[in-house]
Amino acid sequence: MNYRKFGALHLGIGRRPFLRVASGATLGASMSRGFLLGCASSSSNIAEPFDATTPWWLQGNFAPVYDEVAATDLEVHGAIPSALDGRYVRNGSNPASGESAHWFFGDGMLHSVELRGGRATAYRNRWVETGQLTGGTVPGNVPGGGNNASNVSAIHHAGKLLTSGEVGLPFEIDANDLSTVGVYDFGGKLTQSFTAHPKIDPATGYLHSFGYWFFGEDLLLYHVTDEAGALVSTQRIEVGQSSMMHSFAITEEDVVFWEAPVLFDLEAAVAGDPVPFVWDPGYGARIGVMPLGGPTESIRWVEVDPFYVFHEVNAYRDGDDVIVDVCWHPDMFNGSDLVGGTGESALKRWRINTAGEQLSYAEELIATNPFELPSHDRRFSGRKHRHGWFVATRDDPQTIDFAGIGHVDYRTGAISEWDPGRTRHAGEAFFVPESSGEAEGWLLTFVYDHASRRSVLAILEAENVAAGPIAEVALPQRVPYGFHGVWIPS
Ligand SMILES: [Fe+2]
């Protein structure tokens, strides 16, 4: 198994873009340092030592933690806004055995911090008790049902906290103590997979989702769940082959899928390849638009040049056009790069015109910053947005070196970034609203300092990320790099 070939399954960050971040050539950023816990390490300007004999996903802050810890009354530096009243929960890959075939296959572990009255009242971390964890399932088997890692995202909808691993069924979690309630199949209505990136329509509270599968007739299913959590519709979408679809988008009127040529390879799966996907640009690529809610038969596709996109920032309608802002990659799983594609990644804007009988397509380059793990103000999901937030990376050919938090103002084109200092590394930033205007609120993200081997929860003002955190919460143990989180208001 050539793990290097598939290194960017989730993040899709190519090597070359790291170089541009390292040079700072395109940042145009205000590079202020975090003024709080980072001060202790700010004099250190060295990269984290790398052990070439150990896979990158099992060392540094990718390495798992083994203790499930509960702590209260955490030390706070700075001032936590009292309006932050709830719990931040983030999922990630944390192999209980200490071994895994790749970063993406470790057992799901949740980390949560509870904020209340200007205090950080509790921290907790727990594994998601999946079939893979409790049953000792061998990674590499075709996952499905409850046999999956459930390690990609945390979803809060209709009063339930769910985790998803993209392939297989979600798990329901008790948000109070992160204990696993069990496999969640929406009362038996969900039978295959559930994307880690469902979308809540802010107008209706409906949860739109999909799942892809590897063989059979239902290679791609679109689901609608009502505001009370009942799965009310499942419809098949016809596609030629099973491809890796990590996310999708909605507008007020539309659902947008993108089918990129990262195809499921049955032969590789049978041979035991834990990531049986291949880059096959000959398959082509296309973007599909259909009415929100369906029917899926009315989906229309437009052919585009081959690409790969894991994550969109957001999408919206602009007259006859559907706009999708994406973290774009020219390819994926193509060759032997340690962490992904072979070309230069970018932030792009897709514009799909829906007026004629045939869709037409144009794209705009927003920035060459290799930002990934995007987030937006979810009150504007499917609506015109101005702001996007991202995780930046530094150049390191041996591993993924996360840096600070980037911000793109899609109205002015301005790009800014919080540089946390050389030894510190941020994860995905989740936006929590304060008042009604877009971006009026805070970003929450776990930040790891490789000099001290400690982690904090950092809180930033979303409208001024370059200023760095307004508060940091010291955590009782290291929080490994993870994927996606969610805020659950009290
Ligand atoms: Fe993702």
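FYI, it's all coordinate maths here, none of it is from the lab. Treat the numbers as computed from the prediction; the structure is a model and nothing was measured. Every residue, glycine among them, receives a Cβ derived from its backbone with ideal geometry; neighbour counts consider all protein chains shown.
Here each label is just a point 7 Å from Cα along the line to Cβ, and for Ala83 and Asp321 those points are 3.2 nm apart. Computed log10 I(q)/I(0) for the chain at 0.09, 0.10, 0.13 Å⁻¹: -0.55, -0.69, -1.29, from the Debye equation with unit scatterers placed on every C-alpha and solvent omitted. Using the Cβ-Cβ distance between Ala52 and Phe215 with R0 set to 56 Å, the FRET efficiency from 1/(1 + (r/R0)^6) comes to roughly 0.90. Number of Lys-Lys pairs in the chain with C-alpha atoms under 29 Å apart and a separation of 8 or more places or on different chains: 8.
Amide H contacts under 5 Å for Thr130: none, restricted to partners 5 or more places along the chain or on a different chain, H placed in the peptide plane at 1.01 Å from N.
Phi angles of region 79-86 translate, via the Karplus equation with coefficients 6.51, -1.76, 1.60 and θ = phi - 60°, into HN-Hα couplings of 10, 7, x, 5, 6, 7, 10, x Hz per residue; Gly and Pro are given as x.
The calculated 222 nm mean residue ellipticity attributable to helices in the chain amounts to -1000 deg cm²/dmol, summing -39500 (n - 2.57) over DSSP H runs of n ≥ 4 and dividing by all residues. Each peptide among 251-257, 327-333 gets the average number of other Cβ atoms lying within 10 Å of its residues, and from highest to lowest they stand as 327-333, 251-257.
The HN-Hα couplings worked out from phi for region 65-78 by the Karplus form 6.51 cos²θ - 1.76 cosθ + 1.60 (θ = phi - 60°) are 10, 10, 9, 9, 10, 10, 9, 10, 6, 7, 5, 10, 10, x Hz, whole numbers, x standing for Gly and Pro. Phi angles across region 403-411 convert, under the Karplus curve 6.51 cos²θ - 1.76 cosθ + 1.60 with θ = phi - 60°, into 3J(HN,Hα) values of 10, x, 10, x, 10, 10, 8, 6, 7 Hz, Gly and Pro given as x. Near the amide H of Ser242, within less than 5 Å, lie the amide hydrogens of Phe264, all on another chain or at least 5 residues away, with H placed in the peptide plane. In the chain, Cα pairs under 8 Å separated by at least six residues give a relative contact order of 19 percent.
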